[in-house]
Amino acid sequence: MSIEARLNSVMDSIEHAKSSATGSADHVQLIAVSKTFEAANIHPVLTAGQRVFGENRVQESQSKWPELKSEFPDVELHLIGPLQSNKAEDAVSLFDVIHTVDREKIAKALSAAMEKQNKVLKLFVQVNTGEEDQKAGIPPKDAVEFVNRCRDVHRLDIEGLMCIPPFDENPGPHFALLRKLAQESGVKKLSMGMSGDYETAIEFGATHVRVGSAIFGARD
Ligand SMILES: *Cc1c(COP(=O)(O)O)cnc(C)c1O
């Protein structure tokens, strides 16, 4: 299957999943996750009309996106991987949305970088719903307080919450937990679901799905 055919098939599945979603899934944003793929692989997806892309590393994105963006200026770039505070300025200048705000130091660094660059990014707080040691994200029990601090102390525009369920578990309960925490925090957007589970995530109310291999093929 061509990359365009896979993109269309993912878009069809999203439409189908929306019809069985709980609540109002009137708009689900597809984020095409292009990490590890080169500009030559990303180009056909841009030509097919997709404009929203996700990357997990600041440095890798700096090496391929400025040029692609000059050809397709209406691209919206989402950072979905962990952010180090010393990369906050670079992240703010290249990205439009960051999904991985998960600690005070990052909140502070992003707030300073946005003020310096006079640029406002949309932000998601990452929640470690499976409480896995190796995974980034704020523990579920601290999520509501952290979102409030991001808003009140750091003046950040927190749009929603993001999670990556444990690899070997049924994702449904994690998606349900994220939705509950979003309600408790007063945020509306839910970034959840990847190639293997985005349809389930939409049924649980995802507003943003992050789909890589189902579009671009398997990564090395
Ligand atoms: C790589 C990645 C994805 C996409 O994963 P696929 O299984 O290839 O769809 C989604 N979210 C995050 C945070 C990722 O790092």
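The table for this structure:
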{"read-out": "Whole-number accessible area per residue in Å² for the stretch 128-220, which is evaluated in the context of all protein chains at 1.4 Å", "value": "48 Å²"}
{"read-out": "Rounded accessible area of MET194 (nearest 10 Å², 1.4 Å probe)", "value": "80 Å²"}
{"read-out": "Dipole of the stretch 1-84, positive direction: furthest Cα of GLN84, ASN56, ILE3, with charges on the beta-carbon", "value": "GLN84"}
{"read-out": "Structure-based [θ]222 nm, the chain - -39500 (n - 2.57) summed over DSSP H runs of at least 4, per residue, nearest 500", "value": "-13500 deg cm²/dmol"}
{"read-out": "P(r), alpha carbons of the stretch 80-119 - 5 Å bins starting at zero, rounded %", "value": "5, 28, 42, 21, 4"}
{"read-out": "PHE37 accessible area, 1.4 Å probe, all protein chains in place, Å² to nearest 10", "value": "30 Å²"}
{"read-out": "Additional length obtainable on full extension of the chain from ARG151 to SER213, 0.36 nm per residue less Cα span", "value": "18.9 nm"}
{"read-out": "Extension reserve of the LYS69-SER20 stretch, reckoned as 0.36 nm per residue once the Cα distance is removed", "value": "14.1 nm"}
{"read-out": "Area of ASP197 that stays accessible when all protein chains are in place (1.4 Å probe, Å², to 10)", "value": "30 Å²"}
{"read-out": "Share of carbon and sulfur in the accessible heavy-atom surface of the stretch 1-71 [1.4 Å probe, %]", "value": "47 percent"}
{"read-out": "Built amide H within the under 5 Å cut-off of ILE138, gap 5+", "value": "GLN126, VAL127, ASN128"}
{"read-out": "For the stretch 175-214, the spread of Cα positions along each principal axis, largest first, Å", "value": "32, 13, 11"}
{"read-out": "Links that overshoot a 25 Å alpha carbon limit, given the list LYS64/LYS108; LYS141/LYS189; LYS119/LYS189", "value": "LYS64/LYS108"}
{"read-out": "Relative frequency of Cα-Cα separations exceeding 21 Å in the stretch 26-123, percent", "value": "31 percent"}
{"read-out": "Cβ-defined net charge surrounding ASP74, 12 Å radius [Lys, Arg +1; Asp, Glu -1]", "value": "-1"}
{"read-out": "Amide proton proximity set for VAL52, modelled H, under 5 Å, gap of 5+", "value": "ALA32, GLU76"}
{"read-out": "All Cα pairs of the chain, percent lying beyond 23 Å", "value": "45 percent"}
{"read-out": "Accessible area (Å², per residue) of the stretch 1-40, counting only protein heavy atoms and a probe of 1.4 Å", "value": "56 Å²"}
{"read-out": "Rg(Cα) / (2.2 N^0.38 Å) computed for the stretch 66-155, rounded to two decimals", "value": "1.13"}
{"read-out": "Among HIS208, HIS16, HIS99, residue whose mean-square fluctuation peaks in a GNM of the chain (springs only between Cα atoms under 10 Å)", "value": "HIS16"}
{"read-out": "Total charge dipole magnitude, the stretch 1-79, about the Cα centre, Cβ charges on Lys, Arg, Asp, Glu only, Debye to nearest 20", "value": "180 debye"}
{"read-out": "Rounded percent of accessible protein surface that carbon and sulfur make up, the stretch 127-220, 1.4 Å probe", "value": "47 percent"}
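The values are calculated or read from the model by the stated rules, or taken from the named source; none is laboratory data. Being a predicted model, the structure only gives us computed values, none of them experimental. All Cβ positions, even for glycine, are placed from backbone atoms using ideal geometry, and neighbour counts span all protein chains on display. Areas reflect the complete protein model, heavy atoms only, side chains present, ligands, DNA and RNA absent. Shrake-Rupley method; radii C 1.70, N 1.55, O 1.52, S 1.80 Å.
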